[in-house]
Structure formats: C-alpha cells, structure tokens
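What follows is a short report on a single structure.
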Amino acid sequence: MSRVIGHETFYRAKARSFLALWEGRRDEVVHSWKEDGIDFFRKMDCFDIINISAMASGVAPPKDQEFEKPKKIDDNTWEFRDGTVYKYSEITADLTKVHDPHVGEKAYTVSDFKGEPMVEAPDESCFEVVQLGDYYQMRFALDLARKMERICPSAWLFQIARIIAGW
C-alpha cells in the first residue's frame, strides 16, 4: 500500500499503529487511518471489493489518552510496567500479547454482573475517523455506493461493520 500512495502508512498496519500510539503519535496515526485507505482505493481504481480494516474504520483512541510506553526487551518484544508482554510476529505483521500476569487473578461470579453497568459516553474525538461531516470512511462508503448505483444499478453492496476498540 505504501508504494501505491507514496508514503508510509498506519492504515491496515496494526503493529505500526500501536507502536506509534505508544510513542504518543496518536494524531499522526488517526490522520493516516482517515486518509490513506481512501487514497489507496482511489489510486488503484480497479477494486470490486474494498476491505476497510476494523482498526482504521472504527473508534479511535481519545485525543487526550496517554499510552504507557513499554520497555523494549529486544527487536520484537515489549514489556509494560505490570509485566504484560507483547511480541511482534514477522509472519502476521501484528503484535500479540504473549504474557499476561493478571490471568486468573480474579474468580468471577454471577454477583459480579448484577445490576446495570456503569457506562460513560466516549470522548467525541473517538469518532474522528468515522465522522460524516468530513470526507473520511463514512463519506467514502456513501460516495462509493452512489457511484455503484450510477454505474450498475443492479449491483449489490454488502456492508458489514464490526467495532473493535480497546483503548
């Protein structure tokens, strides 16, 4: 993708995105998520299926969130203060949690889930990637559907959404 759009991207690059978030580069990551996928598909102009990755088409981390920068153990391994360890896989180009020191610390019971959960409204900056007012993922999807309708009115457009957020 980077060769097509002419610069490095965080779009569809989960490991690169997390490493940049850990370094405090949230705005750069979010900007790439908003622009680079659309730029890629426009430059290619030959796709009949567009895969908008979950991380780059969903909820972004809040603008004011501070990420802990983990200690780098080796070229592919990072450890957080609490002992949680992530490793980079050359095969999947992804980061995976390989050690969680908190697994099994709490034995959950039914009483832990009684009553209504405490839910806070997310910070508005979390929707920066998908906001309709700007020309980003949602606007792109709508423009694509309109173009399809014009070119081939009997075509089908499948839209599947999956929100993933762990901020």
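Here Lys87 meets the list (1) exposed (fewer than 15 other Cβ atoms within 10 Å of the Cβ); (2) among the basic types (Lys, Arg); (3) without any contact (Cβ under 8 Å) to a residue 24 or more places away in the chain almost entirely, failing just condition (1).
Are any residues in the range 128-167 at pLDDT below 80 and not in a loop (DSSP other than H, G, I, E, B), and if so, which ones? Can you show your working first?
Going through the range 128-167, the residues at pLDDT below 80 turn out to be 129-144, 156-167.
Within the range 128-167, Gln137, Met138, Arg139, Phe140, Ala141, Leu142, Asp143, Leu144 qualify.
Within the range 1-18, the residues that satisfy the criterion of being surrounded by 12 or more Cβ atoms within 10 Å (Cβ to Cβ) and either in contact (Cβ under 8 Å) with a residue 60 or more places away in the chain or small (Gly, Ala, Ser) (or both) are Ser2, Ala13, Lys14, Ala15, Ser17, Phe18. Going by the conditions given, is Asp39 closer than 25 Å to Lys147 by Cβ and surrounded by 14 or more Cβ atoms within 10 Å (Cβ to Cβ)? Spelling it out, Asp39 is indeed closer than 25 Å to Lys147 by Cβ and surrounded by 14 or more Cβ atoms within 10 Å (Cβ to Cβ). Summed over the range 19-34, the residues that are among the acidic types (Asp, Glu) and surrounded by 19 or more Cβ atoms within 10 Å (Cβ to Cβ) give a count of 0.
The values are calculated or read from the model by the stated rules, or taken from the named source; none is laboratory data. Remember, predicted model here, so these are calculated numbers, not experimental data. Cβ coordinates were reconstructed from backbone atoms using ideal geometry, including for glycine residues, and neighbour counts include every protein chain displayed.
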